[in-house]
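**Student:** Below is one structure. I have some questions about it.
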Ligand code: HEM
């Protein structure tokens with residue numbers, strides 16, 4: 001399969017995942033009910049599965065070990081933090097200010113992951129300072 005096509009698929013999944021999370025987080029904080037609906041709960045799993053599958057395909061095609069490649073390891077760690085903050089941000093039982101802080105922090109972390117992807121250093125945008 002074509003590497004560039006898979007990378008485009010990966011980038012598209014990233015864009016959909018981040019846009020979806022930003023919308024769901026904002027709507028959840030505003031008290032919107034659609035956030036608890038079936039589509040809003042199922043679709044993110046489909047998109048995130050596509051994101052991770054394409055990431056695995058890319059590392060397989062590049063023949064790199066993500067645990068021995070600092071910028072990929074940084075992305076993996078960032079992904080775990082992004083998911084954890086995302087869970088807090090969308091959990092209705094958590095206090096609203098905490099959810100708001102987690103939502104902003106999750107968006108900042110995913111922004112940093114994107115900068116790691118482009119700079120290919122574990123520092124990401126901090127490497128540019
Ligand atoms: C939320 C998580 C992620 C985000 C936001 C993200 C973002 C991106 C972006 C924007 C690119 C395009 C970079 C470019 O065109 O130079 C990219 C490429 C790539 N990503 Fe991800 N990614 C994520 C997760 C992962 C994970 C978990 C892995 C594997 C450990 C991974 C592996 C790769 C690889 C191998 C490339 C191709 C690099 C290249 O061809 O130059 N990504 N990612």
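The values are calculated or read from the model by the stated rules, or taken from the named source; none is laboratory data. Remember, it's a predicted structure, so these values are computed and weren't measured experimentally. Cβ placement follows ideal geometry from the backbone for every residue including glycine, while neighbour counts extend to all protein chains displayed.
**Student:** Between 62, 56, 79, which is within 12 Å of the chain's Cα centre (by Cα) and either free of Cβ contacts under 8 Å to residues at least 12 places away in the same chain or near the ligand (Cβ under 9 Å from one of its atoms) (or both)?
**Tutor:** 79
**Student:** Filter the stretch 15-35 down to the residues that are touching a residue at least 40 places away in the same chain (Cβ under 8 Å) and within 16 Å of residue 91 (Cα to Cα) and list them by number.
**Tutor:** Passing the criteria: 21, 22, 24, 25, 26, 28, 29, 35.
**Student:** Then there's this: I'd like to know if the stretch 120-127 contains one or more residues that are within 15 Å of the ligand (Cβ to nearest atom), closer than 20 Å to residue 22 by Cα and at pLDDT 95 or above.
**Tutor:** No, there is no match, as no residue in the stretch 120-127 is within 15 Å of the ligand (Cβ to nearest atom), closer than 20 Å to residue 22 by Cα and at pLDDT 95 or above.
**Student:** For the structure I just gave you, tell me whether residue 46 is more than 9 Å from the ligand (Cβ to nearest atom), under 17 Å from residue 10 (Cβ atoms) and out of contact with any strand residue (DSSP E or B) (no Cβ under 6 Å at 6 or more places or on another chain).
**Tutor:** yes
**Student:** Can I ask one more? Taking the options 16, 4, name whichever one is within 12 Å of the ligand (Cβ to nearest atom), modelled with pLDDT of 95 or more and more than 28 Å from residue 101 (Cβ to Cβ).
**Tutor:** Selected residue: 4, the only one of 16, 4 that is within 12 Å of the ligand (Cβ to nearest atom), modelled with pLDDT of 95 or more and more than 28 Å from residue 101 (Cβ to Cβ).
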